[in-house]
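See below for the structure under consideration.
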Amino acid sequence: MSKHRRPSRLAQFGTMANNPVHLGIAAGIAGTLSVTGTVVANASPTTPTPERAEPASQQLRAERPADLGQAEQALALRDAVDTAAREREQALAKAKARAEARRKAAAEARAARRAQKRAAEKRAAEARDYQEASRSVERTSASAANVLQIAAEVASGAYYSYGGDGPNGFDCSGFTSYVFDKVGISLPHSSSAQRSVARSVSSPQPGDLVFVYNGGGGSIGHVAIYAGNGYWWEASNPSTGVGKHRAWSSNVSYGRVL
């Protein structure tokens, strides 16, 4: 048996060289390779090589400082706004407190001035009252002393006379009107009428009029001049006459005409 050997590449090439079809195919492949090589050779130096993309982690690390800076600036701005708002509120509260304190101080000052004015007016009124009272006491004392002296003089040697008005005979109201007329005070000849013109007083002083009520406190039936220490100057009745007598009734009231 004969062995078949595979022809060598050189032999195959020689065979292809003798075959026109094979030669055409080879020539086409060679031309294609030639054109492709030319394209590759021409494209290689002119086409830019694309940049290598950085990893996402590196991009984040590169961008994070700027982002953090903006966030910190936003927080700082917000803190500044909040601080300014608080300071403004505190300033308004302080201004309001100062205004309220000024208003309160002004009100207290006005109240103090009013109180001082009232106190000054009261002191002035009290001073006027005291002066008037002092002058009144002086006048009253002098007039009272004069009245009592005149009463003693008139009563000396006088007698009781119903409806008498002097100069020697008197009834009760005739005697008092005669005495007070000597000091310039005109009184009607009637005990009840004299009561109507006299000022009521609760604590009698010498020279005041004493009005005695009939019975249990009805109409006025008698008038006398208070002499002090429980005595009256009076024209009492025909039996006791005119003179200084001890007070004989407690059913009385007092009036002042001096």
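Hey, among the residues in the range 128-153 that are modelled with pLDDT under 85 and hydrophobic (A, V, I, L, M, F, W, C), which one's nearest to Arg256 (Cα to Cα)?
It comes out as Val137.
Checking the structure you have, find out if any residue of the range 202-222 is in a strand (DSSP E or B) and closer than 18 Å to Ser156 by Cβ.
Going residue by residue through the range 202-222, those that are in a strand (DSSP E or B) are 209-213, 220-222.
Of the ones still in play, those that are also closer than 18 Å to Ser156 by Cβ are none.
Taking every residue of the range 202-222 in turn, none turns out to be in a strand (DSSP E or B) and closer than 18 Å to Ser156 by Cβ.
Scan the range 157-181 residue by residue and report those that are exposed (fewer than 15 other Cβ atoms within 10 Å of the Cβ) and farther than 21 Å from Ser239 by Cα.
Going residue by residue through the range 157-181, those that are exposed (fewer than 15 other Cβ atoms within 10 Å of the Cβ) are 157, 159, 162-163, 167-168, 181.
The answer is Asp181, and nothing else.
Only one of these is in contact with a helix residue (DSSP H, G or I) (Cβ under 9 Å, 6 or more places away or on another chain), surrounded by fewer than 18 Cβ atoms within 10 Å (Cβ to Cβ) and part of a helix (DSSP H, G or I): Ala125, Ala193, Ala105, Ala99. Name it.
Step by step, each of Ala125, Ala193, Ala105, Ala99 is checked, and only Ala193 is in contact with a helix residue (DSSP H, G or I) (Cβ under 9 Å, 6 or more places away or on another chain), surrounded by fewer than 18 Cβ atoms within 10 Å (Cβ to Cβ) and part of a helix (DSSP H, G or I).
So Trp233 fits all but one of (1) out of contact with any helix residue (DSSP H, G or I) (no Cβ under 7 Å at 6 or more places or on another chain); (2) outside any loop (DSSP other than H, G, I, E, B); what number is the exception?
With (1) out of contact with any helix residue (DSSP H, G or I) (no Cβ under 7 Å at 6 or more places or on another chain); (2) outside any loop (DSSP other than H, G, I, E, B) applied to Trp233, the lone miss is (1).
Give the number of residues within the range 199-225 that are surrounded by 12 or more Cβ atoms within 10 Å (Cβ to Cβ) and either over 19 Å from Phe175 (Cβ atoms) or in contact with a helix residue (DSSP H, G or I) (Cβ under 9 Å, 6 or more places away or on another chain) (or both).
Of the residues in the range 199-225, 14 are surrounded by 12 or more Cβ atoms within 10 Å (Cβ to Cβ) and either over 19 Å from Phe175 (Cβ atoms) or in contact with a helix residue (DSSP H, G or I) (Cβ under 9 Å, 6 or more places away or on another chain) (or both).
The values are calculated or read from the model by the stated rules, or taken from the named source; none is laboratory data. Keep in mind it's a predicted model, so treat the numbers as computed, not measured. Reconstructed Cβ throughout: ideal geometry from the backbone, glycine too, with neighbour counts over all protein chains shown.
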